[in-house]
Structures are given as structure tokens and as C-alpha cells.
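Colleague: Take this structure first; my questions come after.
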Amino acid sequence: MKRHTGPVAAALVLAACSSPEPVQSPPPPPPATTTTEVPSAPRTGQEIVVTETDYRISLPDGNPGPGTHVFTVRNQGGDSHDLVIRGPGVDDARTPVIEPGGQGSVTATLQAGEYTLWCSVGNHRERGMETTLTVG
Ligand SMILES: [Cu+2]
């Protein structure tokens, strides 16, 4: 009997041993320079002064950030007014009815989203005392 040993088996062993070096992955490319929009600084907790006249509600410029805000309402009209706030998480937060020349306040915790503000006295809302406030 003749045993078959020799070159073929040796070649297989060599091939198994010479496994290729692991390919080193190239370093990740530097992050692309994108122009990210910088949001305006949140104004959480700040007073939001609302001016009411006959028959209009004026809000300050800019959007408040989410958080708890105190709305200070100044009635500069000749009629009595109030302010009601409704939106995400706020269910008709309101000031008392404010006499002409008077001031009232209401605290509301706002979330990002849109709120409706109006005056609930008489038909003032229909006469124009309604506005929207965007938060975020
Ligand atoms: Cu009113």
C-alpha cells in the first residue's frame, strides 16, 4: 500500500495559515460643513407683555420657547377685556376681566406648537380680538 502524503496537503496548510491582513478601514471623512439654523434663544420663564385695545390683541415680536411663561396683559382700550389662551397642554388659561387702563396676568406652560389667544368678553373675539402665538 502506498500512502498519499506530500505536496498537496502541505499547500493547503500553508494557504490556511496565510490569511490576508484585515483591511484597515479608512478614517471617516470629516463631517460635512452644513449651515445649521441657529434657533433663537429660548425665552422660557420670561414675561410676555400683551397689549389689548378695542378690538385688537398685540403680541411682542418673536416666538417664545417652550416653558412656563407669565402673560402680562395691559388693557389700553376703552372697554373691558380679558385674555384666554388655548393650545397644546393649555385649556383656556385666562386672566380676569381687566378694566380699561388696568393690567392682569395669567401663567401658562407652553409646548412647541400653536396657541390661540382671544378676548372672551362680549363679542370681542368676533370683532378681531383673536391672534395666534407660535411656540418653539
Ligand atoms: Cu375684549
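Where a number appears in this text, it was derived from the coordinates with a stated rule and is not lab data. Not measured: the values here are computed from a predicted model. Every residue, glycine among them, receives a Cβ derived from its backbone with ideal geometry; neighbour counts consider all protein chains shown.
Colleague: Can you tell me which residues in segment 58-93 are part of a loop (DSSP other than H, G, I, E, B) and either in contact with a Phe, Trp or Tyr (Cβ under 6 Å, 6 or more places away or on another chain) or more than 16 Å from the ligand (Cβ to nearest atom) (or both)?
Modeller: P60, D61, G62, N63, P64, G65, P66, P88, G89
Colleague: Right, something else. Can you go through T95, T132, T116, T72 and tell me which one is without any contact (Cβ under 8 Å) to a residue 40 or more places away in the chain and buried (at least 20 other Cβ atoms within 10 Å of the Cβ)?
Modeller: Within the list T95, T132, T116, T72, the selection yields T95.
Colleague: Another one. Search segment 94-127 for residues being more than 16 Å from the ligand (Cβ to nearest atom) and not hydroxyl-bearing (S, T, Y), and hand back the single one that is nearest to the chain's Cα centre (by Cα).
Modeller: A112
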